[in-house]
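Worksheet: one structure, shown below.
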Amino acid sequence: MTVTSVSEAAKAVVRRNTEEVQGGGDYELYDELFADDFVDHTPQPGRSPDKAGALELYKVLRAAFPDFHAVIHWQAAEGNLVTTYKTYHGTHEGEFFGIAPTGRAIRFETVDAMRVVDGRITEHWGVANLFSLMEQLGAGPGG
């Protein structure tokens, strides 16, 4: 495979995770897309930095925001490392980190990098604008 084809294949795996797992709740696909030895280098508070911890976060987000989905603005890849800039959207219909459902529409930006080896996500690094999300839910100074 050429570097370009490796990059394009890796981008496709990350896109499927964003659209079908995070956006569609397809947790069987999650198991296929994530390596058993997956490591999250930037886990969210209270989550383990492994495959089980990432799945738990995905489920928490879908429970709080049943229509949770992302718009991918762009992806860039260097070999098997894919960086994605996206905006998540949803409606707050379930408890989220102790905040009762508000019915509010939310959106927040994220930039993350995922390494894909042999068609499976092996590593993740990410930065999400959670301050903005918490403000939208009324839990911050601007909420």
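The values are calculated or read from the model by the stated rules, or taken from the named source; none is laboratory data. All figures in this text were calculated on a predicted structure; none of them were measured in a lab. Using ideal geometry, Cβ is built from the backbone for each residue, glycine included, and neighbour counts are taken over all protein chains shown. Note: accessible area is taken over every heavy atom of the protein model, side chains too, but ligands, DNA and RNA are not part of it. Shrake-Rupley method; radii C 1.70, N 1.55, O 1.52, S 1.80 Å.
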Select from region 1-38 the residues that are open to solvent by less than 60 Å² (accessible area, probe 1.4 Å), of a type outside the set (Gly, Ala, Ser) and in a strand (DSSP E or B) and list them in ascending order. Phe34, Phe38
Over region 84-105, the set of residues open to solvent by less than 10 Å² (accessible area, probe 1.4 Å) and either of a type in the set (Lys, Arg) or touching a residue at least 60 places away in the same chain (Cβ under 8 Å) (or both) is Thr84, Lys86
Residues being more than 21 Å from Val6 (Cα to Cα) and open to solvent by 70 Å² or more (accessible area, probe 1.4 Å): count how many of those fall in region 68-83. 1
Residues of region 89-122 being hydroxyl-bearing (Ser, Thr, Tyr), over 12 Å from the mean Cα position of the chain (by Cα) and part of a strand (DSSP E or B), in sequence order, are Thr91, Thr122
Looking at Glu19, Glu28 in this structure, which one is of a type in the set (D, E, K, R) and within 13 Å of the chain's Cα centre (by Cα)? Glu19
Confirm whether Gly53 is touching a Lys or Arg at 6+ places or on another chain (Cβ under 9 Å), of a type outside the set (A, V, I, L, M), at pLDDT 95 or above and part of a loop (DSSP other than H, G, I, E, B). no
Within region 107-141, residues being under 18 Å from Ala9 (Cβ atoms) and among the aromatic types (Phe, Trp, Tyr) number 0
Restricting the first residue to region 53-64 and requiring it to be more than 15 Å from Ala35 (Cα to Cα), which pairs with a second residue that is open to solvent by 50 Å² or more (accessible area, probe 1.4 Å) and in a helix (DSSP H, G or I) meet a Cβ separation below 8 Å and a spacing of at least six or different chains? Tyr58/Tyr27; Lys59/Tyr27
Quick test for you: out of Trp74, Trp125, pick the one residue that is of a type outside the set (D, E, K, R), part of a strand (DSSP E or B) and without any contact (Cβ under 8 Å) to a residue 12 or more places away in the chain. Trp74
